[in-house]
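Down below is the structure, laid out as structure tokens.
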Amino acid sequence: MNNEYLLKNLRNVPDFPVHGIQFKDVSTLYKNPKCLKIMVNELYDLYKDKGITKVVGIESRGFVVGAALAVKLGAGFVMCRKPGKLPAETRRESYVKEYGKDTIEIHTDAIDEKDIVLLHDDLLAGGGTMKAAYNLVRQFNPTKIYINFIIELTKEGLHGRARFDKVVDITTLLEV
Ligand code: AMP
């Protein structure tokens, strides 16, 4: 979609958190009411007819628009969190990111087989984070899983999308 207004308001921070990374700082989109509205409305248009029953947001930048979208879709919201943050029983998965290694967790009672799930995060880089979340959600055997990012890094040779089976329905609002 590449909305010009969103692109204009997205801040790039060079060499954060480590040298060589061009960090796409979505906080400048989140703090701007017009950008927030554009993102939630564009996503609503993409998913309003899909029967989504749960939006799964990835900590922490996936919580902001993910939760707003869940309200608009009339769906529930589930948190995928860093290790040790969720209080009840969890499933966990480790993965490699564009910079460093990490693990994510989800509550074992977060999703059931009747759910139609939309996984959401702010950004697709190498794809490790979302692949781990996708693997976790798949273990619940839900009816269908969709994936969305606000931003997809396409110009840095990361090929995050290639980590997913072609049949997986992935959308992004901005290609950077
Ligand atoms: P990956 O697992 O490599 O796809 O990395 C995606 C996750 O790391 C997302 O949760 C992003 O918030 C964060 N991330 C990775 N690379 C960047 C980047 N260049 N700019 C902003 N966030 C990034």
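The values are calculated or read from the model by the stated rules, or taken from the named source; none is laboratory data. On a predicted model such as this, the values are computed, not experimentally measured, just so you know. Please note: Cβ atoms are built from the backbone with ideal geometry, for glycine as well, and neighbour counts cover all protein chains shown. Side chains included, ligands, DNA and RNA excluded: accessible areas come from the protein's heavy atoms. Shrake-Rupley method; radii C 1.70, N 1.55, O 1.52, S 1.80 Å.
Equivalent-ellipsoid semi-axes for the stretch 98-176 (Cα gyration tensor, √(5λ), whole Å, largest first): 23, 14, 10.
When +1 charges are put on Lys and Arg Cβ atoms and -1 charges on Asp and Glu Cβ atoms, the dipole computed for the stretch 47-96 relative to its Cα centre reaches about 60 debye. Taking the charge dipole of the stretch 70-127 about its Cα centre, with +1 at Lys and Arg Cβ atoms and -1 at Asp and Glu Cβ atoms, the residue from 78, 103, 118 reaching farthest to the positive side is 103. Each Lys and Arg Cβ is given +1 and each Asp and Glu Cβ -1; about its Cα centre, the chain then shows a dipole of about 180 debye. For residue 119, the amide hydrogen comes within under 5 Å of the amide hydrogens of 56, 146, 147, 148, counting only partners 5 or more places away or on other chains and with H modelled in the peptide plane.
Of the solvent-accessible surface of the chain, computed with a 1.4 Å probe over protein heavy atoms with every protein chain present, carbon and sulfur atoms account for 49 percent.
Potential lengthening of the chain between residue 5 and residue 32 amounts to 8.6 nm, from the contour at 0.36 nm per residue minus the alpha-carbon distance. Direction-averaged projected area, Cα convex hull, the chain: 9.7 nm², rounded to one decimal.
Each of 130, 65, 13 was placed along the dipole of the chain (beta-carbon charges, centred on the mean Cα), and the one lying farthest toward the positive end is 13. Backbone phi angles across the stretch 70-81, fed through the Karplus curve with coefficients 6.51, -1.76 and 1.60 (θ = phi - 60°), yield HN-Hα couplings of 4, 4, 5, 7, x, 9, x, 10, 10, 9, 9, 10 Hz in residue order; Gly and Pro are listed as x. With protein chains left intact and a 1.4 Å probe, residues in the chain average 50 Å² of accessible area per residue.
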